[in-house]
Structure formats: C-alpha cells, structure tokens
Amino acid sequence: MVRDNIALDMRGRCSAGQKVLACIVIRLALAETFGTQCGVLALDEPTTNLDSDNVRGLAVALGHILEQRRHQQNFQLVIITHDEEFMQLLGKSEFTDWYYLIRKDDASHSRIERRPIGLI
C-alpha cells in the first residue's frame, strides 16, 4: 500500500475480515485458474469477520461464478454458513433455487430439509 508516496508495510495492518476476504479471493482465483474442470467449490463460513459491504461483494462474485459455470455439467457450489443475510443475497441470483437446512429435531437427531431459497 502506498500513502503520501511512501510504501507502507501491510504486515499486521489488515483486519481479520480483510485477511479472510483476501484468503477467499486467492482461493477463488486458484480455483478459476487451475480448476476449470473442477466440479465442486466448497466454502465453510465464508462471511466470518467480513463487514456487510464485503459480504455483499462476495455474494455478487459467487453469483458471477455460478453464471459462468451454469453449463458445466459437474459443477456444484457448497456453502456452509449460519449467515441468513448472506443466503438471502445468494438467493437473488437467478442460478440459486434451493438450499438445505440441517437442524436437530426434538430427539436431537439431525434432519436435512430441502427448501426454496426464496423462503429465507
């Protein structure tokens, strides 16, 4: 980073959210570069430590990836998240129809429910 024509060492200056976002961007770039025939992209809690602007930006970027890969027969995007607002943003993409909710029932057994993304 350059401020007042002086190069600043950014080591230790990034917030946790900036570090998470940088990590996600690098992973997405690697997946796009080396995994052109890769069938699965998995993200576990990708919005952790991100501010709302970056959460929106991530949702838009994932929507673009879904659009680019829509004709790829074996492509699946797996997102593990507790962030319902992020899911709502993903639901605005015309390429996302369903999500799976995993919850515990009264007997503490895991239940998997397929739901339309519009119900969030």
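In table form, for the structure just shown:
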quantity: Filter pass, residue 54 being in contact with a helix residue (DSSP H, G or I) (Cβ under 8 Å, 6 or more places away or on another chain) and surrounded by 15 or more Cβ atoms within 10 Å (Cβ to Cβ); calculated: yes
quantity: Residue tally, condition in a strand (DSSP E or B) and farther than 21 Å from residue 48 by Cβ, over the stretch 64-108; calculated: 3
quantity: Candidates 22, 61, 29, filtered to the one that is modelled with pLDDT under 85, part of a helix (DSSP H, G or I), out of contact with any Pro (no Cβ under 9 Å at 6 or more places or on another chain) and surrounded by 11 or more Cβ atoms within 10 Å (Cβ to Cβ); calculated: 22
quantity: Checking residue 111 against (1) in a strand (DSSP E or B); (2) closer than 24 Å to residue 14 by Cα; (3) of a type in the set (Lys, Arg), the condition it does not meet; calculated: (2)
quantity: Residue satisfying all of: in the stretch 108-120; over 20 Å from residue 65 (Cα atoms) and β-branched (Val, Ile, Thr); surrounded by the most Cβ atoms within 10 Å (Cβ to Cβ) among these; calculated: 120
quantity: Any pair with Cβ under 7 angstrom, 6 or more apart, that starts in the stretch 79-104 at a residue that is small (Gly, Ala, Ser) and ends at one that is surrounded by 15 or more Cβ atoms within 10 Å (Cβ to Cβ); calculated: 91/117; 91/120; 93/63; 93/66
quantity: Pick from the stretch 78-87, criterion among the aliphatic types (A, V, I, L, M) and surrounded by 12 or more Cβ atoms within 10 Å (Cβ to Cβ), ranking: nearest to residue 25 (Cα to Cα); calculated: 79
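For every residue, the table says whether it meets (1) surrounded by 12 or more Cβ atoms within 10 Å (Cβ to Cβ); (2) of a type in the set (A, V, I, L, M, F, W, C); (3) modelled with pLDDT of 90 or more; (4) under 14 Å from the mean Cα position of the chain (by Cα).
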| position | (1), (2), (3), (4) |
| --- | --- |
| 34 | no, yes, no, no |
| 38 | yes, yes, no, no |
| 41 | yes, yes, no, yes |
| 65 | yes, yes, no, yes |
| 72 | yes, no, no, no |
| 76 | no, no, no, yes |
| 89 | yes, yes, yes, yes |
| 94 | no, no, no, no |
| 106 | no, no, yes, no |
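The values are calculated or read from the model by the stated rules, or taken from the named source; none is laboratory data. These numbers come from a predicted model, not from an experiment. Note that each Cβ is placed from the backbone with ideal geometry, even for glycine, and that neighbours are counted across all protein chains shown.
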